[in-house]
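Undergrad: Sharing a structure below in structure tokens format, with a few things to ask.
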Amino acid sequence: MYRRSVFHMDTTKWKRKPPAETLSDHRKEFIEAQPMFLVATAAPEGTVNMSPKGMDTLRIIGDDRIVWLNLTGSGNETAAHLAESSRMTLMWMSFGATPIILRIYGQATVIHPRDAEWEELSPMFPDYGGSRQILDMRIDRIADSCGTGVPTMSVVDADRGATELEPFYKKMSDEKLHGFWERKNSTSNDGKPTHIFGDS
């Protein structure tokens, strides 16, 4: 099982490879090295959403399967979209010397703490406050492209997720957290249900 490193690693030796349907060790190592990833989803109608994700929240558990832990935030678009369409795209990009963008396309399902699969998958991740879903993605296609449009940047050794985001939800009681979910996470921007409390 691969887990994303919390520290950015040099990727200057990484080279582009042909499209594939499964992850090679080469691509797993590239994913592990990046400090963040992006997730994109869309329902059949309404807005397309893309969100940045960080912290120690991603696991590669097979050559064709990735799971990631979705923490509480001000919206919950991914869960709402996947309830209507299972399509999901993940993207990584190198901010180092090698200009590479890696995209993984697949079909994903949402796993809530009430679901049986939660007990199997949640121990793979830290016990983060505000953990609300696990996204389980089966890979259809993997492709990389030139990333010369991405600027070269240094990653500062400061994780706002660890110092600001996670502690904010960690200190909440279950009652307050669920109240936040009700206000902010129960529907998408388009009014689509996220099913965070069940089928209602």
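Undergrad: Enumerate the amide H contacts of Asp64 below 5 Å, restricted to partners 5 or more residues apart or on another chain; note that Pro and chain-start residues carry no placed amide H.
TA: For Asp64, the qualifying residues are Leu23.
Undergrad: Could I ask something else about it? Between Trp181, Trp118, Trp68, find the one with the highest GNM mean-square fluctuation for the chain; connect C-alpha pairs within less than 10 Å.
TA: Looking only at Trp181, Trp118, Trp68, the biggest GNM fluctuation is shown by Trp118.
Undergrad: Another question about this same structure. Greater than 26 Å separation of Cα atoms is the criterion. Which listed pairs, Lys28/Lys176; Lys15/Lys53; Lys28/Lys171; Lys28/Lys170; Lys28/Lys184; Lys28/Lys192, meet it?
TA: Too far apart for the 26 Å limit: Lys28/Lys176; Lys28/Lys171; Lys28/Lys170; Lys28/Lys184; Lys28/Lys192.
Undergrad: What ³J(HN,Hα) values, in whole Hz, does the Karplus curve 6.51 cos²θ - 1.76 cosθ + 1.60 give for region 173-178 when θ = phi - 60°, with x put for Gly and Pro?
TA: 6, 4, 4, 5, 5, 5
Undergrad: If you take the beta carbon distance between Ser74 and Lys13 as r and set R0 to 35 Å, what does 1/(1 + (r/R0)^6) give as a FRET efficiency, to the nearest 0.05?
TA: 0.35
Undergrad: Work out, in µm²/s and without decimals, the Stokes-Einstein translational diffusion coefficient of the chain at 4 °C, 1.567 mPa s, Rh from Kirkwood over C-alpha pairs.
TA: Reported coefficient: 74 µm²/s.
Undergrad: Continuing with this model, one more query. As an exercise, use a Förster radius of 22 Å and the Cβ-Cβ distance of Thr47 and Ser86 to find the FRET efficiency, rounded to the nearest 0.05.
TA: Efficiency at R0 = 22 Å is approximately 0.80.
Undergrad: If you take the charge dipole of the chain about its Cα centre, with +1 on Lys and Arg Cβ and -1 on Asp and Glu Cβ, which of Gly106, Leu71, His26 is farthest toward its positive end?
TA: His26
Undergrad: Once you order the gyration tensor axes a ≥ b ≥ c over the Cα atoms, which shape class does region 5-97 get: rounded for a/c under 1.5, otherwise prolate or oblate by comparing a/b with b/c?
TA: prolate
Undergrad: Rank Ser85, Ser154, Ser145 by mean-square fluctuation in a GNM of the chain with C-alpha springs under 10 angstrom and give only the top-ranked residue.
TA: It is Ser154.
Undergrad: Can you tell me which of 88-97, 123-132 comes out highest on packing, and rank the rest after it, using the mean Cβ neighbours within 10 Å?
TA: Highest-to-lowest ranking by the protection proxy: 88-97, 123-132.
Undergrad: Placing unit charges on C-beta atoms (Lys and Arg positive, Asp and Glu negative, everything else neutral), compute the dipole magnitude of region 2-185 about its Cα centre in debye, rounded to 20.
TA: Computed charge dipole of region 2-185: roughly 480 debye.
Undergrad: For a quick check, take a GNM of the chain with Cα springs below 10 Å and name the residue from Asn76, Asn185, Asn49 with the largest mean-square fluctuation.
TA: Of the options given, Asn49 has the highest mean-square fluctuation.
Undergrad: Determine ³J(HN,Hα), in whole Hz, for all residues of region 84-95 in sequence, where each value follows from phi through the Karplus function 6.51 cos²θ - 1.76 cosθ + 1.60 and θ = phi - 60°; x replaces Gly and Pro.
TA: Rounded to whole hertz, the list is 10, 8, 7, 5, 8, 10, 10, 9, 10, 9, 7, 9.
Undergrad: For Asp140, what residues show an amide H to amide H distance below 5 Å, using hydrogens built from the backbone and excluding near sequence neighbours?
TA: Residues meeting the criterion, in which the H sits 1.01 Å from N, are Tyr105, Gly106, Gln107.
Undergrad: Another question, if that's okay. Could you work out how far apart the two model spin labels at Asn189 and Met172 are, taking each label as a point 7 Å from the Cα in the direction of the beta carbon, and quote it in nm?
TA: 2.0
Undergrad: What FRET efficiency comes out for Thr22 versus Asp115 if R0 is 25 angstrom and r is the Cβ-Cβ distance? Round to the nearest 0.05.
TA: With R0 = 25 Å, the Cβ-Cβ based efficiency is 0.45.
The numbers here are math on the coordinates, done by the rules we state, and not lab data. Not measured: the values here are computed from a predicted model. No Cβ is skipped: glycine too gets one built from the backbone with ideal geometry, and neighbour counts run over all protein chains shown.
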